[in-house]
1. Inside the range 18-86, counting only strands (runs of 3 or more DSSP E) that do not spill past its ends, which hold 1 or more residues that are modelled with pLDDT under 95?
2. Give the residues of the range 125-148 that are open to solvent by 60 Å² or more (accessible area, probe 1.4 Å) and free of Cβ contacts under 8 Å to residues at least 12 places away in the same chain, sorted by residue number.
3. Of all residues in the range 71-88, which are open to solvent by less than 30 Å² (accessible area, probe 1.4 Å), in contact (Cβ under 8 Å) with a residue 40 or more places away in the chain and of a type in the set (A, V, I, L, M, F, W, C)?
4. Condition test on N96, is it out of contact with any helix residue (DSSP H, G or I) (no Cβ under 6 Å at 6 or more places or on another chain), under 15 Å from T37 (Cα atoms), at pLDDT below 95 and open to solvent by 20 Å² or more (accessible area, probe 1.4 Å)?
5. Could you check P41 against (1) in contact with a strand residue (DSSP E or B) (Cβ under 6 Å, 6 or more places away or on another chain); (2) closer than 20 Å to I149 by Cα; (3) open to solvent by less than 30 Å² (accessible area, probe 1.4 Å) and say which number it fails?
6. For a quick check of your reading of the model, give me the residue pairs whose first member lies in the range 48-59 and is touching a residue at least 40 places away in the same chain (Cβ under 8 Å), whose second is among the aromatic types (F, W, Y) and surrounded by fewer than 16 Cβ atoms within 10 Å (Cβ to Cβ), with beta-carbon atoms closer than 7 Å and at least 6 apart or on different chains.
7. Just give me the residues in the range 210-232 being farther than 19 Å from E140 by Cα and either open to solvent by 50 Å² or more (accessible area, probe 1.4 Å) or among the hydroxyl-bearing types (S, T, Y) (or both), in sequence order.
8. Counting just the residues of the range 103-124 that are aliphatic (A, V, I, L, M) and open to solvent by 100 Å² or more (accessible area, probe 1.4 Å), which one comes out modelled with the lowest pLDDT?
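The values are calculated or read from the model by the stated rules, or taken from the named source; none is laboratory data. Worth saying up front: this structure is predicted, and the values here are computed from it rather than measured. Positions of Cβ are backbone-derived with ideal geometry, glycine not excepted, and every protein chain shown enters the neighbour counts. With ligands, DNA and RNA removed, areas are computed over all heavy atoms of the protein, side chains included. Shrake-Rupley method; radii C 1.70, N 1.55, O 1.52, S 1.80 Å.
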Amino acid sequence: MSKTHLSILLCMCIAYAVNGQISTYNPFFFSNDSNVTKTTPYELLALGKMHYDPTWNAGNIYLTNGDSLIAYYLRYDIIKNSLEVIINRKFYTIHNSQISSFEWFSGNRLSIEKFIRRDVFEFENAENYIGFAEVLEDGEVRLLKIKEIIYREHASSTLVPENAEGSDILILEKYFLVKDNHIHELATGKKRNLEFLNSEELETHVKEARLSFSVEGDLKSIVRYYNSHCID
């Protein structure tokens with residue numbers, strides 16, 4: 001084998017090692033860990049313009065192959081439906097098809113925020129929904145938040161161009177309750193929502209505490225109360 005062919009082969013092997021295997025634990029925080037994760041991120045030539053949260057938050061990515069990436073800085077690009085990740089001081093993207101779920105810690109909101117693949121659930125009319133739902137509360141009843149993206153000219157997320165600006169896009173936030181594999185989109189009034197949850201104790205609590213189904217903080221409180229007090 002010539003030196004030229006050997007050099008080409010060596011470069012190919014190095015490229016695979018960088019792109020195919022990444023330290024499972026971010027070396028910045030875990031310098032002595034030798035675990036590696038098999039995944040294929042692609043180096044970004046340009047960062048996205050619209051993110052679920054524009055802040056780079058430290059978080060964990062759980063992949064569909066069972067591997068994970070721990071304590072990496074990441075953002076969720078809602079137009080490209082992919083994660084932007086800082087790896088070895090460079091910007092990479094991991095496509096949603098490789099991701100099962102992810103989570104990050106928001107320093108601004110002092111909270112851990114978790115996301116799961118939207119296709120785990122059977123949403124109706126979901127063609128404009130982004131690929132991951134935020135799990136606001138977990139338990140017997142789940143509270144999910146998901147963004148719907150509408151390109152103003154075409155009213156279809158599948159036609160949103162990657163260079164679209166904020167003025168071109170309408171973003172709606174929708175909330176859902178999941179109970180016994182049934183999905184209920186939150187209504188503005190209390191009646192339909194309480195009928196779905198079907199708990200007299202919860203209904204009394206909502207009334208006495210003057211909670212609203214149109215306020216995210218109240219929604220969390222309602223679901224948390226149900227999961228703690230209203231399960232037989």
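1. Values: elements: 21-23, 36-38, 57-63, 68-77.
Fully inside the range 18-86 and qualifying: 21-23, 36-38.
2. From the range 125-148, those open to solvent by 60 Å² or more (accessible area, probe 1.4 Å) are 125, 127, 138, 140, 142; that's our starting set.
Listed by number, the list holds a single entry, N125.
3. Residues of the range 71-88 that are open to solvent by less than 30 Å² (accessible area, probe 1.4 Å), as a first pass: 71-72, 74-78, 82-85, 87.
Of the ones still in play, those that are also in contact (Cβ under 8 Å) with a residue 40 or more places away in the chain are 71-72, 76, 78, 84-85, 87.
Of everything in the range 71-88, those that are open to solvent by less than 30 Å² (accessible area, probe 1.4 Å), in contact (Cβ under 8 Å) with a residue 40 or more places away in the chain and of a type in the set (A, V, I, L, M, F, W, C) turn out to be A71, I78, V85, I87.
4. On the way: out of contact with any helix residue (DSSP H, G or I) (no Cβ under 6 Å at 6 or more places or on another chain): yes; under 15 Å from T37 (Cα atoms): no; at pLDDT below 95: yes; open to solvent by 20 Å² or more (accessible area, probe 1.4 Å): yes.
No: the conditions fail for N96.
5. (2)
6. Pairs that qualify, where the first residue is touching a residue at least 40 places away in the same chain (Cβ under 8 Å) and the partner is among the aromatic types (F, W, Y) and surrounded by fewer than 16 Cβ atoms within 10 Å (Cβ to Cβ), are N57/F105; A58/F105; G59/F105.
7. If the condition is that a residue be farther than 19 Å from E140 by Cα and either open to solvent by 50 Å² or more (accessible area, probe 1.4 Å) or among the hydroxyl-bearing types (S, T, Y) (or both), then R210, S212, S214, V215 are the ones that fit.
8. Going residue by residue through the range 103-124, those that are aliphatic (A, V, I, L, M) are 110, 112, 116, 120.
Among the residues that remain, those that are also open to solvent by 100 Å² or more (accessible area, probe 1.4 Å) are: 110, 112.
On the way: L110: 93, I112: 96.
It comes out as L110.
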